[in-house]
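In what follows, a structure is listed as C-alpha cells, so that the remarks can point back to it.
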Amino acid sequence: MTVFMRRSSQRAKKKMADAMNVGVNLEAFSQAISAIQALRSSVTRVFDSLKDGMKNKETLEGREKVFITEFQDNLQSVNRDLNELERLSTLVGRPSESHPLHNSGLLSLDPVQDKTPLYSQLLQAYKWSNKLQYHAGLASSLLNQQSLKRSANQMGASAKRRPKVQPSTLVLPPQYVDDVISRIGRMFPDMSIELFRPNGTSAVLLVTLGKVLKTIVVMRSLFIDRTIVRGFNENVYSEDGKLDIWSKSNYQVFQKVTDHATTALLHYQLPQMPDVVVRSFMTWLRSYIKLFQTPCQRCGKFLQEGLPPTWRDFRTLEAFHDTCRQ
C-alpha cells in the first residue's frame, strides 16, 4: 500500500511538471530563432543589392543582366528562409496557459480541464477580490470623513444607551448668524451687506460692492447654498418686491463672475468653521472691486474677447482672464 501511494505521488508530480512545460518544443524554438536571423540577413542582402544598383560592366546589357540575376537569387533566398520559418513555427507549439500557483496547480491535473476551467476561474476570482478590497477601502476612508453618520444600528433599544448628540453646526441661532454677518460687514467698508429673511430663519444677503456689482447670497444658517452676481445698475428685485434669486444677469461678464463664484463656494469648504468660510468667500468677492480696472496678470491686457479678467485666484486674489488662468 505504501509503495502504491509513493508511485501515485511520483506520477502526480510528473504530470504536474509536464503540465508546466506542455506544448513547447525547445529544439524547434531554437531552430526558429536561427531561421529568423537567416531571414533578416537575406532581406538585408536584397536591399543592399537595390542600393548598390548595377555594377560597372563594359556594356549596359551586361550590367542589367548581372543585376537581375543577383536580385532574383536574393529574392529566392528570402522565399526559402521564409518557408523554413513557417515550417518551424508549426513545430514550436503553444505554451500552456495555466501557470500553477502553489497547490492550485493541482487543478490543472483534472482530465476534463476544458469543460471545468477551475484554475482560470480561480485567477479571475482572485483579481476581482483584490479590486473589491481596494474599492471597499476607499469607500471606508471617504465615509469616515463625513461628520454626519446615520445607521440603522442606532435604532432600537441601543439608542437609549447612546450619549446625547451635540447640536450640529447646520442649525445655528439667527442672532449668531446676524452677528457674524455684521462683523464681516465692518471688515469691508467698501462692501454693503443687507440681510433679509423672506422664509423664516434662512437668510438672504444682498451684497453691493462699490459701484461695480451686486451679489445675492442665499444661505442656510451659515452655509452658502447659492449666489447670483448682477451688474450695479441691474434690478435685483422681482415684480412682487422680493429678491430675485433665480434670474441670471443680462451681461456676459457678470454671468462669468457668477460661474466663478459658484466654483469658489465649492473651494471654500470647512463644515466645522462655517463663519471662516463666509469670511473667506466675502474676501474673495471683494477682490472684484476693480473688475474693470485690473489687467490680467498673465497677458497684461484689460480685455480679451471683449471681457475683462473675470477670474480671481482663490489664494492670491490675482486677476486672470478665463483662458489665461489655465
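The values are calculated or read from the model by the stated rules, or taken from the named source; none is laboratory data. Just so it is clear, the model here is predicted, and its values are computed rather than measured. All Cβ positions, even for glycine, are placed from backbone atoms using ideal geometry, and neighbour counts span all protein chains on display. The accessibility values were calculated without ligands, DNA or RNA, using every heavy atom of the protein model including side chains. Shrake-Rupley method; radii C 1.70, N 1.55, O 1.52, S 1.80 Å.
Things worth noting here:
- Taking the criterion of being touching a Pro at 6+ places or on another chain (Cβ under 9 Å) and farther than 19 Å from PHE254 by Cβ, the only residue of segment 264-294 that qualifies is VAL277.
- Within segment 286-326, being among the acidic types (Asp, Glu) and within 20 Å of LEU209 (Cβ to Cβ) holds for ASP313, GLU318, ASP322.
- Some residue of segment 239-261 being among the basic types (Lys, Arg) and at pLDDT below 90: yes
- Scan of segment 272-315 for residues that are among the aromatic types (Phe, Trp, Tyr) and either more than 14 Å from ALA261 (Cα to Cα) or assigned to a helix (DSSP H, G or I) (or both), ordered by number: PHE281, TRP284, TYR288, PHE292, PHE302
- Of all residue pairs spaced 6 or more apart or on separate chains, those with beta-carbon atoms under 7 Å, a first member in segment 227-254 that is in contact (Cβ under 8 Å) with a residue 40 or more places away in the chain and a second member that is of a type outside the set (D, E, K, R) and part of a loop (DSSP other than H, G, I, E, B) are LEU243/VAL236; VAL253/PRO308; VAL253/THR310.
- Search result, residues across segment 1-49 that are out of contact with any helix residue (DSSP H, G or I) (no Cβ under 9 Å at 6 or more places or on another chain), open to solvent by 90 Å² or more (accessible area, probe 1.4 Å) and modelled with pLDDT under 60: MET1, THR2, PHE4, MET5, ARG6, ARG7, GLN10, ARG11, LYS13, LYS14, ASN21
- Condition broken by SER221, with the remaining ones in (1) at pLDDT 90 or above; (2) among the small types (Gly, Ala, Ser); (3) more than 22 Å from PHE314 (Cβ to Cβ) satisfied: (1)
- Taken as a whole, the condition of being open to solvent by less than 20 Å² (accessible area, probe 1.4 Å), at pLDDT below 90 and closer than 15 Å to PRO274 by Cβ does not apply to LEU172.
- Among residues of segment 259-269, those that are buried (at least 17 other Cβ atoms within 10 Å of the Cβ) and either without any contact (Cβ under 8 Å) to a residue 40 or more places away in the chain or of a type in the set (Asp, Glu) (or both), counted: 0
- Among the numbered conditions (1) over 18 Å from THR208 (Cα atoms); (2) in contact with a helix residue (DSSP H, G or I) (Cβ under 6 Å, 6 or more places away or on another chain); (3) open to solvent by 60 Å² or more (accessible area, probe 1.4 Å), the only one that ARG279 does not meet is (1).
- Residue ID - surrounded by the fewest Cβ atoms within 10 Å (Cβ to Cβ), chosen from residues in segment 205-222 that are touching a residue at least 40 places away in the same chain (Cβ under 8 Å), out of contact with any Ser or Thr (no Cβ under 8 Å at 6 or more places or on another chain) and part of a loop (DSSP other than H, G, I, E, B): GLY210
- Checking ALA152 against (1) open to solvent by 70 Å² or more (accessible area, probe 1.4 Å); (2) modelled with pLDDT of 60 or more; (3) aliphatic (A, V, I, L, M), the condition it does not meet: (2)
- Listed by first and then second residue, the pairs with beta-carbon distance under 9 Å, at least 6 apart or on different chains, first residue in segment 50-66 and at pLDDT 75 or above, second open to solvent by 100 Å² or more (accessible area, probe 1.4 Å), are ARG63/LYS55; ARG63/ASN56; ARG63/LYS57; GLU64/LYS57; LYS65/LYS57; VAL66/LYS55; VAL66/LYS57.
- Tally, over segment 248-258, of residues that are open to solvent by 50 Å² or more (accessible area, probe 1.4 Å) and assigned to a loop (DSSP other than H, G, I, E, B): 3
- Qualifying residue in segment 294-304 (condition: open to solvent by 40 Å² or more (accessible area, probe 1.4 Å) and basic (Lys, Arg)): yes
- In this entry, SER202 passes the filter for residues that are among the small types (Gly, Ala, Ser), surrounded by fewer than 18 Cβ atoms within 10 Å (Cβ to Cβ) and over 17 Å from ARG279 (Cα atoms).
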